[in-house]
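Before any comments, here is the structure.
No lab work stands behind these numbers, since they all come straight from the coordinates. Given the structure is predicted, the values throughout are model-derived calculations rather than measurements. Quick reminder, even Gly has a Cβ in these numbers, built from the backbone with ideal geometry, and neighbours come from all protein chains shown.
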Amino acid sequence: MVRCDYADIDGQIDRLRNGETLSENEVKALCEKAKEILQEESNVQPVSAPVTICGDIHGQFYDLAELFRIGGACPETNYLFMGDYVDRGYYSLETVTLLVALKVRYRHRITILRGNHESRQITQVYGFYDECLRKYGNANVWKHFTDTFDYLPMTAVVADRIFCLHGGLSPSIDTLDHARDLDRVQEVPHEGPMCDLVWSDPDDRCGWGISPRGAGYTFGQDITEQFTHINGLHFIARAHQLVMEGYQWQHNKSVVTVFSAPNYCYRCGNQAAIMEIDDNVDQSSKENIYEHCKL
């Protein structure tokens, strides 16, 4: 059991919000505490409304700060992040450290799911590993975080009605119980249901298709409607794909993609969005659009 001093973590959060980095020992202790908290959470983590649902961040730390400015600070606002905190942006380290610190401090106010970039293999290619080497001079911090990623929940359900995950559905998972039964504490495999949950995409074609990404599947409106019907869901919220207006409804409003990294990779020119779910899930959701924060 790792001792958790909230005064220390509050100080760390203040420093992180100012764009500072923590010491290697502070990161190690933070990740150990985060693992203790995350291992108690389900593969299908229940989340209460109201909550604000967020998509990919990809190391765009100052845009994350803008997200909190628009959506409200945590813990005053409840948040659900659907993965891809690191890689591609210049501030993956600051981004993921802040989100993990908020999770440790306010475990019931913020939920952080796993994306396909919360992976040892992917982060060695797309920037997070190199960023950790550059900022700390060794790979220890990268190892602390990637070990923590293994404990992140794969999916969440908001108010028993909105299924949230990074990528999409899997032909191996018909019910939420199938997802609950997965052994998630491992590197994301190259195939299988755990892989599908972080890699799959909705598609205009019916049925299951081969994904052009080389991992996961494409799935049609018929698959979405069958899954939501069997599990008593209103709709599926997911991230994983750049959408120019920040959000996009598909499959007759049974799937929404939320993307929260504006001007993705500092060149795509897209808007970003967050989805605010009110207490009355049956009646209301609102998409909030924001622009890239220019330094």
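For this structure, a couple of remarks:
- Pairs where the first residue, in region 51-77, is among the aromatic types (F, W, Y) and the second is crowded, with 19+ Cβ neighbours inside 10 Å, C-beta under 8 Å, 6+ apart: F61/G89; F61/Y91; F61/E94; F61/T95; F61/L98; Y62/Y91; F68/C74
- Once region 76-111 is narrowed to residues that are hydroxyl-bearing (S, T, Y) and in contact with a Gly (Cβ under 8 Å, 6 or more places away or on another chain), the residue that is farthest from R267 (Cα to Cα) is T77.
- Candidates are the residues of region 235-280 that are among the aliphatic types (A, V, I, L, M) and assigned to a loop (DSSP other than H, G, I, E, B); the one that is farthest from C54 (Cα to Cα) is M244.
- For T95, the conditions (1) crowded, with 24+ Cβ neighbours inside 10 Å; (2) part of a helix (DSSP H, G or I); (3) more than 13 Å from the chain's Cα centre (by Cα) all hold with the exception of (3).
- Among the residues making up region 68-87, those that are over 15 Å from the mean Cα position of the chain (by Cα) and either in a loop (DSSP other than H, G, I, E, B) or among the polar types (S, T, N, Q) (or both) are G72, A73, C74, P75, E76, T77.
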